[in-house]
Structure formats: C-alpha cells, structure tokens
Amino acid sequence: MLWMQNHMTVGSDIAFVALGSNLGDAEQNLLRAIEELRKLADGNLVRSGLWVSEPLDCPVGSPDFINAVVGFTPKSESSPELLLVQLQNMELELGRQTDQMPNSPRPLDLDIIAYGALRVNLADLVIPHPRAHQRLFVLKPLQEIAPHFILPGSTQTVTELVEKAAPMRIARLSDRSR
C-alpha cells in the first residue's frame, strides 16, 4: 500500500534491498544506509519501518537485529552486479569485517531481495535472494511497502508468504525517524 501511495508501481525495474544490523548503534546504522541507498535511486525510495528480530543461525549470544527493507528504481546505468558491489562497499564503510565467521554480529548487512523480474544465479549473487521467502525479518518489512509483490519464480504474494513463514520473534519498532 505504501508503495502505491508514493505513485510508484512495482514493475520490472524495482530493486528491493533488505537491511540488517546487530552491532553498534543498529538503528542509526540502518538510517545511514537508507540515506546512502537514496543516492542509488532514480527517483523515490520507499522504506519500511524498523523491525527488531531475534538472530537467526548466528553464534550463541548474538544481539537482536534491527531490520528494514527499501524499494527503489535503480539508476539507468545500474545492474544487479553493480548494485551488489555498491552494497558491499556500504557495508565496509560502516565497519563490516569480511573475515568473520558466517552470521557473526555486524554493523550492516545488505542483501538484494529482488531486482525487478530478473533471476540471477552467479557464484556471488543469487536473485531473488534464495531464503527471502522463508524469513519473517525480510518478509514483514517488505509486506509494509509491497504486500502484493511476488518474488520472481514464486506464485505467492509477500503477504501470503508471511502467513506461511516459520514463526520467529519479531516486532515493529516505533519509527520516530520517518
């Protein structure tokens, strides 16, 4: 609904990016990343509220994550591969370490959930994100901005996927910064 209120149509050129942080000032890390993502958009960027979720598949004792999802039309010179590089650079700028154990706490994690209707299967990039349809910490924020979106290769809307996803502890934060 929010997507439509902003006069944007979910079409073949919309990219959805999931954001997560559970190290440092997680909320500020996400807000900073959202501002950087606005620079990659050709026009408006639509964002979900912020959500807090339990860490999934992380080392014992990992702090909760703050999550969000943004949707935007990438600039015309962009591509999924270029967007991936830009996201990885943002992660590094916010202090993400590349030599950590998988799923270690991190100041910023950015994942391309979808890039229009494209399906990509490269060694370092799979679109749509292979686990997005199972993860409430991606689906709930995505539902806020594109409830009727269907991930490429799927037949179910985001709202239908939310209803079928495995339960986890997740709650929307009051979003004072919108």
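The values are calculated or read from the model by the stated rules, or taken from the named source; none is laboratory data. Values in this document were obtained by computation on a predicted structure and should not be read as measured data. All Cβ positions, glycine included, derive from the backbone under ideal geometry; neighbour counts span all protein chains shown.
In the set ILE113, ILE127, only one residue is at pLDDT 95 or above, surrounded by 17 or more Cβ atoms within 10 Å (Cβ to Cβ) and among the hydrophobic types (A, V, I, L, M, F, W, C); that residue is ILE113. Here GLY49 meets each of (1) more than 17 Å from ILE112 (Cα to Cα); (2) out of contact with any strand residue (DSSP E or B) (no Cβ under 9 Å at 6 or more places or on another chain) with one exception, condition (2). Selection of first residues in segment 87-107 that are on the phi > 0 side of the Ramachandran plot and surrounded by 12 or more Cβ atoms within 10 Å (Cβ to Cβ) and of second residues that are modelled with pLDDT of 65 or more and hydrophobic (A, V, I, L, M, F, W, C), restricted to Cβ pairs under 9 Å at least 6 apart or on distinct chains, gives the following pairs, ordered by first then second residue: GLY95/LEU23; GLY95/LEU108; ASN103/LEU56; ASN103/CYS58.
Residues are listed down the side, and each one gets a yes or a no for (1) modelled with pLDDT of 55 or more; (2) part of a loop (DSSP other than H, G, I, E, B):
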residue	(1), (2)
MET4	no, no
THR9	no, yes
SER12	yes, yes
PHE16	yes, no
LEU19	yes, no
LEU23	yes, yes
LEU30	yes, no
ILE34	yes, no
LEU37	yes, no
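Among the residues of segment 31-83, those identified as in contact with a helix residue (DSSP H, G or I) (Cβ under 9 Å, 6 or more places away or on another chain), under 17 Å from PRO105 (Cβ atoms) and surrounded by fewer than 20 Cβ atoms within 10 Å (Cβ to Cβ) are VAL52, GLU54, LEU56, PRO63, ASP64.
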